[in-house]
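Colleague: The structure's right below; bear with me while I get my questions together.
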Amino acid sequence: MTKEYIILIREPEWDSSQVSEEQWAAAMQEHGAFMQAVAAAGAQLLGGDALESSAKAVRIQPARDGQPAVYTDGPFTETKEVVSGFYKIGAESDEQARELAARVPTGGWVELFPVMDTNGQANPS
C-alpha cells in the first residue's frame, strides 16, 4: 500500500533575485535527477514546488477571540533558515521514503513527514 509523505526542504535564507541563470539551471538539473530517482525506485512524485524567500512571505496570525487577523510582511529577522521548497511523494514504506528524501538536493537539510489520513483511518506504519 502506497503511503504519502511531504519532504520539506530547509535551507539558509536566500534571495531568488540573486541566483544566476547558471546556478538555477544547475539546481534544476539536480532536482530533475531526484525526480528520476523517485520514478526509478517505483515511487511516485505527487507534487512539489520551490518557494520564494521570507522577504516575499507573509506571516498570518488568524483571527481569534474577537480579535482581527494580524498580518506581518517578511522578511522575518529571526529567520535564519527557511522552507525553500517541498515535494509530496508516494512510497511503499517509511524506509523507501527516507531513502528518497535523503536524495533531495539541498544546501541545508530536509524534513520528512508522513501525511495524516484525515478520513478517519490511521496511516499504517
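Colleague: What is the fewest-to-most order of Ile89, Ile9, Ile60 by other Cβ atoms lying within 10 Å of their Cβ?
Modeller: So the ranking, lowest neighbour count to highest, is Ile60, Ile9, Ile89.
Colleague: Take the chain, connect every pair of alpha-carbon atoms lying under 10 Å apart with a spring to form a Gaussian network, then pick out the residue of Glu95, Glu13, Glu81 with the largest mean-square fluctuation.
Modeller: Glu95
Colleague: Using a Gaussian network model of the chain with C-alpha springs under 10 Å, which one of Val104, Val19, Val115 is most mobile by mean-square fluctuation?
Modeller: Checking each option, the largest mean-square fluctuation is seen for Val19.
Colleague: Cut-off 10 angstrom, C-alpha nodes, Gaussian network model of the chain. Which of Glu111, Glu11, Glu22 fluctuates the most?
Modeller: Largest GNM mean-square fluctuation: Glu22.
Colleague: Another question, then. Out of these labelled values of semi-axes √(5λ) of the Cα gyration tensor in Å, (i) 25, 17, 13; (ii) 21, 21, 12; (iii) 28, 24, 10, which was calculated from the coordinates shown here?
Modeller: Of the labelled values, this structure produces (iii).
Since every read-out is calculated from the coordinates, none of them should be taken as a lab result. Given the structure is predicted, the values throughout are model-derived calculations rather than measurements. We place every Cβ from the backbone using ideal geometry, glycine too, and count neighbours over all the protein chains shown.
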